[in-house]
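In what follows, a single structure is set out as structure tokens and then discussed.
The values are calculated or read from the model by the stated rules, or taken from the named source; none is laboratory data. Quick caveat: nothing in here was measured; it's all calculated off a predicted structure. Here the Cβ positions follow ideal geometry from the backbone for every residue, glycine too, while neighbour counts run over all protein chains shown. Please note that ligands, DNA and RNA were not included when accessible areas were found on the heavy atoms of the full protein model with its side chains. Shrake-Rupley method; radii C 1.70, N 1.55, O 1.52, S 1.80 Å.
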Amino acid sequence: MAGTRPYLQTPDDAAAAPLSYIYPIGYSNSSECGYCRASSNGQPDKQRWSYYAVSRSLEPAFYQKLVDRFWRRSGTLLYRPNQKNSCCPHYTLRLDSAEYKPTKDQRQALNRFNRHILGDTYARDAARLYPRSREQARKEKNDFDLVSKVHESEAKYLKGPPPAPSHEFSVTLEPDAFTDEKYKVFENYQRTVHREPPLKISRVGFRRFLCDSPLTRGAIVGADGTERKLGSYHQCYRIDGELVAVGVLDLLPNAVSAVYFMYHESIHFLNPGKLGAMREIALAREAGYRWWYPGYYVHTCAKMRYKIDYRPQYVLDPETLQWDPLDEEMLALYGKHHYVSLSRERRRQQQLMNGDGVLDDEEANNNDEDVGTQQENDAPNVKPSEDEDDEEEGFLLTSDMPGIPSLAEMEEVDMGGLLLKSDQHDRFIEASELVIWDSEEISQHGRLKSRIAELVAAIGPDLMGEICIDFRKKANRLS
């Protein structure tokens, strides 16, 4: 209802219920795309608009709601890209781990890895010491058990006494803290796989990107009694005691969200990327998270295509925020149009069938734009440039970002009860207590009330009760 105030916590409630603390940065056009490596300098057609914010304390359940609205994070930086206004539109994917069936190629990769770790001698002796019945052998051949297979070569799951395997393999879920051994893997991966020059690889960058997370750590117990960890973790893979790969994960109430995966060049021949993806899917299934989020899908980036090899997956509609199967129909649309919303496409088809004529100019342009050929690159593009001259600022509420309220709709939202923190107060204050609150309009781009309205629109007015807008300087520096 227009003019009504959504449920908001009061300052007294805030001490009892956890809040997520967010500082609004704003809506801007990045100076360089990390996927096609194109620069917008002098190229007005190169657009990559996103809304940015910073957080130092984010509840995992709240962050899952953001992820389901196209948000992602890089360290403490949160961002939501505008698919309509991007040279490389980003789409959110997720996979139901219970439905996942590995392809022949994926099964072979996992079997090859297990054989490499266990060795021929172990396999022969184990078959003699622990023989399987013909029925067991037939079932294993015809029914690929993902969870059992990913654990097959792990040292702690091997049957004793000896034989000993060729290598000792272990996987541990560890806090996302910086260590020298993790940085060694990161440095090698960036240099040998991504071909980054040494001057662009640093401990500070690694810590900022993959060790600094705003997610609070905790745990929940599922209906089956299984405990699920919450927060950001590093899934560490070791062979003979040596760290060889790290999967950076955000563990959310109902999702394993993949942030990054890196490995040492010495195991490249073992297809570690496939191994890591299947381990993460198995974690989602085994621990009861259910969903695996592989990150954004960028159809125009060839190096992103591997993500759609894991099926069945679902893709988030930018306009309705509903999940659609990522099937051949969707892939065909991505190949035909630059910007894709299945709900919009279905409306267009219905209009044509009903003889209602073509879509308006805006809808026609968004659906019929040709897709340009993009350079292969899967490097992330998430951080606003530190050089302000390289950034073009815009007003989110008058932009064409899909899935957010318009300026007129936001003018009907009562934000007066929003909780704020600042260096000037040692308590929570409500937005309506601000001196400027009644004198400013949210249409005044750049003013404080307008900045708050942009953030609320970007996360969704229905989530206002779960956040505190954090204006404290120390809390909101990008590390």
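Annotation note: of Asp390, Asp438, Asp378, Asp470, the sole residue that is modelled with pLDDT of 95 or more and surrounded by 13 or more Cβ atoms within 10 Å (Cβ to Cβ) is Asp470. Of all the criteria given as (1) open to solvent by 30 Å² or more (accessible area, probe 1.4 Å); (2) part of a loop (DSSP other than H, G, I, E, B); (3) under 19 Å from Ile404 (Cβ atoms), the one not satisfied by Arg451 is (2). Within the range 420-434, none of the residues are hydrophobic (A, V, I, L, M, F, W, C), part of a loop (DSSP other than H, G, I, E, B) and closer than 23 Å to Asn82 by Cα.
Number of residues in the range 408-419 that are buried (at least 19 other Cβ atoms within 10 Å of the Cβ) and in a helix (DSSP H, G or I) equals 1. Per this entry, Ser439 is counted among residues that are over 30 Å from the mean Cα position of the chain (by Cα), assigned to a loop (DSSP other than H, G, I, E, B), among the small types (Gly, Ala, Ser) and more than 20 Å from Glu393 (Cβ to Cβ). Checking each residue in the range 304-333 for being part of a helix (DSSP H, G or I) and in contact with a Leu (Cβ under 9 Å, 6 or more places away or on another chain) picks out Lys307, Ile308, Glu329, Met330, Leu333.
For the range 220-266, the candidate set comprises residues that are without any contact (Cβ under 8 Å) to a residue 40 or more places away in the chain and closer than 18 Å to Glu154 by Cα; within that set, the residue that is nearest to the chain's Cα centre (by Cα) is Gly247. Annotation: Cys87 fulfils all but one of (1) at pLDDT below 95; (2) within 16 Å of the chain's Cα centre (by Cα); the unmet one is (2). The set of residues in the range 268-303 that are open to solvent by less than 20 Å² (accessible area, probe 1.4 Å), in contact with a strand residue (DSSP E or B) (Cβ under 6 Å, 6 or more places away or on another chain) and of a type in the set (A, V, I, L, M, F, W, C) comprises Ile281, Ala284, Ala287, Trp292.
Filtered by the rule that a residue be open to solvent by 10 Å² or more (accessible area, probe 1.4 Å) and in contact with a helix residue (DSSP H, G or I) (Cβ under 6 Å, 6 or more places away or on another chain), the range 101-112 gives no residues. Here is a check on your reading of the model: is Asp400 acidic (Asp, Glu), assigned to a loop (DSSP other than H, G, I, E, B) and modelled with pLDDT under 95? Judged against the criteria, Asp400 is a match. In the range 26-135, counting only strands (runs of 3 or more DSSP E) that sit wholly within it, the ones holding 1 or more residues that are among the small types (Gly, Ala, Ser) span 48-57, 72-74, 77-86. Inspection of the range 64-71 identifies no residue that is without any contact (Cβ under 8 Å) to a residue 60 or more places away in the chain and surrounded by fewer than 22 Cβ atoms within 10 Å (Cβ to Cβ).
Of the listed requirements (1) assigned to a strand (DSSP E or B); (2) under 30 Å from Gly119 (Cβ atoms), Val185 misses just one: (1). If you go through the range 118-164 and keep only what is of a type in the set (A, V, I, L, M, F, W, C) and either open to solvent by 60 Å² or more (accessible area, probe 1.4 Å) or more than 19 Å from Glu280 (Cα to Cα) (or both), you end up with Leu118, Ala123, Ala126, Ala127, Leu129, Ala137, Leu158, Ala164.
To keep it simple, each residue is scored yes or no on (1) under 23 Å from the mean Cα position of the chain (by Cα); (2) among the basic types (Lys, Arg).
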site: Ala164; (1), (2): no, no
site: Asp180; (1), (2): no, no
site: Phe186; (1), (2): yes, no
site: Val193; (1), (2): yes, no
site: Arg207; (1), (2): yes, yes
